[in-house]
Amino acid sequence: MLIISFLGAIAGNALMNVMFRNTPELTYSYMRDKSISSEYVSISKIPVNLQNAIVSIEDERFYDNKGVDYMALARSIIHNAFSKSTQGGSTLEMQLSKNLLTTTDQTIKRKLKDMYNAKQMNKHMNKREILELYLNNIYLGKSSYGVEKGAKIYFDKNVSELNLGECALLAGITNNPGLYSTDYEAAKKRRDIILYKMQELGYITKDEYEATKKQETPMNIK
């Protein structure tokens, strides 16, 4: 099944190259103009811990793939076919495409378009630029888009001032803003999952993981 799904993804790649070949070049400038963040910040002002938290939980092979993770897609297809729960296989680039360029419609054409756009982003931008765009346009609940706005809403801080626990908690909100922006205990559990993933991938040490997990991360939930 995994091989069949993988081959299907490759076939889809060939199809989308034909379907969407007239798409504008997805340069940093073009994507920046599409940004919906009211408080856009450069990647240099976003803590490395927040960058790593997002990569760890949303797309752990972000720095290795070219916009599409075919193995992750194949696994998600198999999981969704045989399980009542759903599992995504989208990369950060595919999510960015959905947020800024396409729609949330659950159609094959839209998903193929996101895959095509993701590959085009990698042709015209580096990973640092793509991550900056992603972090500035994720939805974090309470009508906030982007990590600068989110940091101010939940912690009364600029994003550059966030500590490790706050970075992990903020990264977790994007998975389910309706829940994690209003339920501290749920948000804290999600924070701990992200901290564990960061430790597993080598972004933080075991001591940092253990120490931060024991700490509270106060947030504004009203």
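The values are calculated or read from the model by the stated rules, or taken from the named source; none is laboratory data. Nothing here was measured: the structure is a model prediction, and the numbers come from that model. Note that we place each Cβ from the backbone using ideal geometry, even for glycine, and neighbour counts take in every protein chain shown. Remember, those area values only see protein heavy atoms, side chains included, never the ligands or the DNA or RNA. Shrake-Rupley method; radii C 1.70, N 1.55, O 1.52, S 1.80 Å.
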How many residues of the stretch 95-132 are at pLDDT below 90 and either open to solvent by 50 Å² or more (accessible area, probe 1.4 Å) or within 28 Å of V41 (Cβ to Cβ) (or both)? The answer is 8
Quick check: is even one residue across the stretch 199-212 under 17 Å from the mean Cα position of the chain (by Cα) and in a helix (DSSP H, G or I)?
no
Scanning for something touching a residue at least 12 places away in the same chain (Cβ under 8 Å) and over 24 Å from K197 (Cβ atoms), does the stretch 159-167 turn up at least one residue?
no
For the stretch 185-207, how many residues are open to solvent by less than 80 Å² (accessible area, probe 1.4 Å), in contact (Cβ under 8 Å) with a residue 12 or more places away in the chain and under 11 Å from A168 (Cβ atoms)?
11
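Residues checked against (1) modelled with pLDDT of 95 or more; (2) within 22 Å of I108 (Cα to Cα); (3) under 14 Å from the mean Cα position of the chain (by Cα):
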| residue | (1), (2), (3) |
| --- | --- |
| M1 | no, yes, no |
| T27 | yes, no, no |
| K84 | no, yes, no |
| G89 | no, yes, yes |
| E93 | yes, yes, yes |
Matching residues in the stretch 151-206 (closer than 17 Å to D59 by Cα and among the aromatic types (F, W, Y)) number 2
Does the stretch 126-143 include one or more residues that are assigned to a loop (DSSP other than H, G, I, E, B), more than 26 Å from E208 (Cβ to Cβ) and without any contact (Cβ under 8 Å) to a residue 24 or more places away in the chain?
yes
State all residues of the stretch 155-194 that are under 13 Å from Q51 (Cα atoms) and basic (K, R); if no residue qualifies, say none.
none
Return the total of residues in the stretch 141-164 being touching a Ser or Thr at 6+ places or on another chain (Cβ under 6 Å) and buried (at least 22 other Cβ atoms within 10 Å of the Cβ).
3
Please list, ordered by first then second residue, the pairs with beta carbon atoms under 6 Å, 6 or more apart or interchain, first in the stretch 60-75 and modelled with pLDDT under 90, second hydrophobic (A, V, I, L, M, F, W, C) and exposed (fewer than 15 other Cβ atoms within 10 Å of the Cβ).
A74/L2
